[in-house]
Structures are given as structure tokens and as C-alpha cells.
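Report on the structure given below.
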Amino acid sequence: MEKEIRTVCYDDDLRLEAYRFEGIVQSFPNHFHNYYVIGFIESGTHCLSCKNKEYTVGQGNILLFNPNDNHSCVQCDGEAFDYRGLNISKETMLSLVEEVTGQRELLGFSENVIKNDELNIYLHSLHQSIMEGSKEFEKEEMLLLLISLLIEQYGQPYEGCIPECREEIERTCVFMSAHFAEHISLENLCKCSGLSKSTLLRAFTRSKGVTPYRYLQIVRIDKAKEMLEQGVPLVDAAIRTGFSDQSHFSNFFHMFIGLSPAAYRRIFKEGGKNHG
């Protein structure tokens, strides 16, 4: 079996993460991120589900995920997967869009799966430049050209990417974001939302694309990422984000991020690339 290689680095100049997963056979369950993802597939084929639409994606496809776009992917041809991507925070995207358009407002992608040769050229070159640790301004130039093309061809106001949600569901999300470190029960969520268990589960899943429990785990993982970036020890990060033990924490982290918590923490502790 081909060895899996996972390489991730954080670019301080551009304020974003770049990563490459080679020989990957891992499936990723339905989840979302609180940041933008711009990825492209080098080889292999995966079955992708995003916002209740099904895609078969392979070499040449570019994947565009807005914050909170729920998605999952599994192998569909038995071959290993080679995938590269960029993770861009909302704050970084705000700055990029302001630089390009003069308006400080979030971009929303109108498509999740595309094929675009011009974008592929910029994306490949930019990704390679980041992974090689380039300090030349060409790197920033390519990023701005990439964002300019995305806005021109696939841009829409970010608000247009957010499905309308009932007030009760939003209250539930706010509650989980505020109390993620505590033990939360379904009864707690029902009390917060004023809905019955059955109604809450149906309404929440329809609105967010994930169940309340999955939403809570993703909130916890996002908070854990912030702590690991700041150098918080793994055990402390697990406890402070509400996981019952470090094993439970590590399993969920790897499931959603594709790296172990220790590997992710090393990216920021060592100030360079991480290989796993």
C-alpha cells in the first residue's frame, strides 16, 4: 500500500494554511469549516457530497467551500487520492476582497466544484510557492490574481450562501458556541431552542446540513485548532474543549482535519512544514 504523506504549512506573509495530502485513502465524514477552502485534485477520484448535492471529482477539479458549507467525501474507485488545498480565514478573505474590490465584505463562492484551466495555473503555482517557503512578492501577486478571478467568475455576496435559518436553530448554535467546553445534552439544546427533540433534530439538520452533535464536535475542533496554534499542550486542549479524554479528542481531530493534534501543533511550534 502506498504510504500516506500529509504536508501542511502556515504562511505568515499571506496568513493562510497550505497543505498537500498524498496517497490518502481516508474518508471524511459530513462536516464543515469556519474558513474558506480552495482545493484541487492531482490524482484519484472521490465521491463528494456538498450541501445535499453529489459529485464525482477527479484530476483537474477545483473545490470551493465557503465557511459552513457542509461536505463529505469517500473513495469511489479504490485508488489513493492526491489533494492540495488552501485554508483561508474569514479575516484574511476580508482583507483580500477589500484589496481587490475596495469593499470590505466577504466573498461567497457560487459553485462548489469547477474546472477552470486559468484558475488551475494560478492555484498550482501559488500552492507550490507557499510549500517551498518563497519570500518573493510573486506569491502575494498570484494570490490576489486568484481571488480576483474567483470574484469575477464565481463571486456572490457571502450572505447569499447562508440558508435562512429559524431563530430557534440560531439560538441553539450560539448556545453550543458559548458552552462547548461543558457537557451538553440534547435536553439542554431543547430547553434553549424551545423545540422538542424530534423537531430540533429535523429542523437543525435541514438548516445546517449536520446534526447538532456533529455541529458541536466541529465547534470543539475549531476551538482546539486555535489553542494548538497558540502552543497549548494537547491534554489541556482536549480538556478545555470539552472532550472526555485525549484519545476521543485525537480521533475526532484526525477525522475532520486529516492530521493528528500533535502534527497540527508542530506546524506552529516549529514555524515550518509538518510531514506525517
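The values are calculated or read from the model by the stated rules, or taken from the named source; none is laboratory data. All values derive from a computational prediction rather than experimental measurement. Using ideal geometry, Cβ is built from the backbone for each residue, glycine included, and neighbour counts are taken over all protein chains shown. Accessible surface areas use protein heavy atoms only, side chains included; no ligands, DNA or RNA. Shrake-Rupley method; radii C 1.70, N 1.55, O 1.52, S 1.80 Å.
Per-structure values
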item	result
Filtered residues of the stretch 177-211 (kept if within 21 Å of residue 65 (Cβ to Cβ) and either among the charged types (D, E, K, R) or part of a helix (DSSP H, G or I) (or both))	177, 204, 205, 206, 207, 208
Filter result for residue 139 (open to solvent by less than 60 Å² (accessible area, probe 1.4 Å) and either of a type in the set (D, E, K, R) or not in a helix (DSSP H, G or I) (or both))	yes
Residue 105 being part of a loop (DSSP other than H, G, I, E, B), closer than 28 Å to residue 209 by Cβ and at pLDDT 95 or above	no
The stretch 215-234 residues that are closer than 17 Å to residue 72 by Cβ, paired with ones that are open to solvent by 20 Å² or more (accessible area, probe 1.4 Å) and part of a helix (DSSP H, G or I) (beta carbon under 8 Å, 6 or more apart)	215/208; 217/252; 221/252; 221/257
Residue 265 at pLDDT 90 or above, open to solvent by 30 Å² or more (accessible area, probe 1.4 Å) and touching a Leu at 6+ places or on another chain (Cβ under 6 Å)	yes
Selection from the stretch 61-70 of residues that are in contact with a strand residue (DSSP E or B) (Cβ under 7 Å, 6 or more places away or on another chain), open to solvent by 10 Å² or more (accessible area, probe 1.4 Å) and modelled with pLDDT under 95	70
Yes/no for residue 151 being open to solvent by 40 Å² or more (accessible area, probe 1.4 Å), at pLDDT 90 or above and not in a strand (DSSP E or B)	yes
Some residue of the stretch 262-273 being in contact with a Ser or Thr (Cβ under 7 Å, 6 or more places away or on another chain), assigned to a helix (DSSP H, G or I) and under 30 Å from residue 23 (Cα atoms)	no
Search result, residues across the stretch 98-124 that are within 18 Å of residue 18 (Cβ to Cβ), surrounded by fewer than 15 Cβ atoms within 10 Å (Cβ to Cβ) and not hydrophobic (A, V, I, L, M, F, W, C)	124
Qualifying residue in the stretch 114-134 (condition: under 27 Å from residue 49 (Cα atoms) and of a type in the set (Lys, Arg))	yes
Cβ pairs under 6 Å, 6+ apart, first in the stretch 142-153 and farther than 11 Å from residue 109 by Cα, second basic (Lys, Arg) and open to solvent by less than 40 Å² (accessible area, probe 1.4 Å)	none
Residue that is surrounded by the fewest Cβ atoms within 10 Å (Cβ to Cβ) [pool: residues in the stretch 1-46 that are among the charged types (D, E, K, R) and in a strand (DSSP E or B)]	42
